[in-house]
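One structure below.
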Amino acid sequence: MSLKISKTVCKMAWLALVLLAVPRVAAADSISVRFAFTLIHQGQVGVVLITGTDLTSATATAMGHDYACFPVTQGTACLLAVPMDQPIRDYPLSIVMIPKSGSVITWNSTFTVAAGQFISEIVTLPGNLAYLLRDDVEANENARLASAYSMITPTRYWENKWVLPLVGAPGSPFGTKRLYNGSIARRHAGQDMHAALGTPVLAAASGRVVLSRQMDIHGNSIVIDHGWGIYSEYAHLSRRYVVPGQLVSQGDVIGLSGSSGRSTGPHIHWEVSVDGIMTDPTAFMQLALPS
Ligand SMILES: [Zn+2]
C-alpha cells in the first residue's frame, strides 16, 4: 500500500514538473528561424523570417550592426542589409527574441556575404562643378542624408511590390567605383536612370516624405520614409511637387527629372537605404518581402 502511494506521489510530482516546464520549453521549441536566401551579396538585403510564436520584439545583430525586426503575417521579419564594401566572408548572426510569454531566447547562426557585381567608371566634371568633389561638401551632404535615413518608423507604409520611379534607360548602376577628374574616387550609392528633362518621377512605393530640398551634390532631392527603416531618395530633379510630412502613394508623381547638383545631363539618381545602409535599389525592388 505504501509503495502504491509512493508511486502515485511520484507520478504527480513528475506531472507537476512537466506542466511547469511546458510553457518555457514549448515557446523555445516552437520557434523557427528561416533564411529566405542562400547568401547575401554586398549592397543587397536578405530576409530572415521567425515563425512559431508571437514575439514582443526581436533584434538581429551581425557585422557590428543591430537590425530591428518587424511583425508580419507569418511571424516576424528581419532585413539584413549588407554594406557595399562589407568584406566577403561568413559572419555570425545572433537574434535576440522576446516572446510574449516565456523568457528571452537567443538564436545563433552564420551567413555568407558574397561579392557584388560592381563596375568602374571614369567621370569628367566641368570646372564649374568641380567644387562638388570637395571632401567637406561630400561629408556635409552624406551627414544630412544619413540623418534623414536614421529614424526607424515601425509602420509599414507600403503593400505592393515596388515600381521603377521613372520610365527611362538605366544608367550608372549601384556600387559603381568612380574616378572623377582623374584622381578623386567615389562610390555610387544609387541607381541612375536617364530620361528627357521634365520626365515624371514616381514614388517607388507608398510612404511619407521626410525631405524635399535643394542639396549641393544631389541637387533637387526628395526622400520618402517607407517604414521599417526603409527610405528611397530621388535626386537631380528639375521640379519637386511634395513637401516634408506629406503622405504619398505608390506611383504618385513627386517631381520631374532634371540635371541639378553634381550632374552632367538629365537623369535621376535613385537611392534606397535600409536600416541606414545604402542598398541596390534594383535588387531591393525584386526582393520578396513578407507582408
Ligand atoms: Zn547617381
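Odds and ends about this structure:
- Mean ellipticity per residue at 222 nm, deg cm²/dmol - from DSSP H runs of n ≥ 4 across the chain, formula -39500 (n - 2.57): -5500 deg cm²/dmol
- Dipole magnitude (debye, nearest 20) for the chain, charges at Cβ of Lys, Arg, Asp, Glu: 880
- Over all other residues within a Cβ to Cβ distance under 12 Å of I152, the charged ones net out to -2, with Lys and Arg as +1 and Asp and Glu as -1.
- You can think of it this way: the chain between T61 and F37 has 6.9 nm of extra reach, that is 0.36 nm per residue less the Cα-Cα gap.
- Relative contact order computed over the chain (Cα-Cα under 8 Å; 6+ residues apart), in percent: 16
- What separates the Cα centres of the stretch 53-105 and the stretch 134-179 is a distance of 23 Å.
- Structural size metrics of the chain, computed from C-alpha coordinates, are Rg and Dmax of 24.4, 103 Å.
- Within the chain, DSSP assigns beta bridges of which about 90% are antiparallel (rounded to the nearest 5).
- Across all Cα atoms of the stretch 120-285, the radius of gyration (one decimal) and Dmax (whole number) stand at 14.8, 45 Å.
- Averaged over residues, the count of other Cβ atoms within 10 Å places the peptides 69-81, 177-189 in the sequence 69-81, 177-189, highest first.
- In degrees, nearest ten, helix 135-150 long axis to first principal axis of the chain (Cα): 40
- For the stretch 216-256, the spread of Cα coordinates along the three principal axes comes to 28, 19, 16 Å, biggest extent given first.
- Axis of helix 2-30 versus longest Cα principal axis of the chain: the two differ by about 0°, to the nearest ten degrees.
- Charge tally for I230 (other residues, Cβ to Cβ under 15 Å; Lys, Arg +1; Asp, Glu -1): -3.
- Potential extension, R187-R239 segment - 0.36 nm per residue separation minus Cα distance: 16.1 nm
- For the stretch 31-114, the convex hull spanned by the alpha carbon atoms encloses 78 Å³ per residue.
Where a number appears in this text, it was derived from the coordinates with a stated rule and is not lab data. Just so it is clear, the model here is predicted, and its values are computed rather than measured. Positions of Cβ are backbone-derived with ideal geometry, glycine not excepted, and every protein chain shown enters the neighbour counts.
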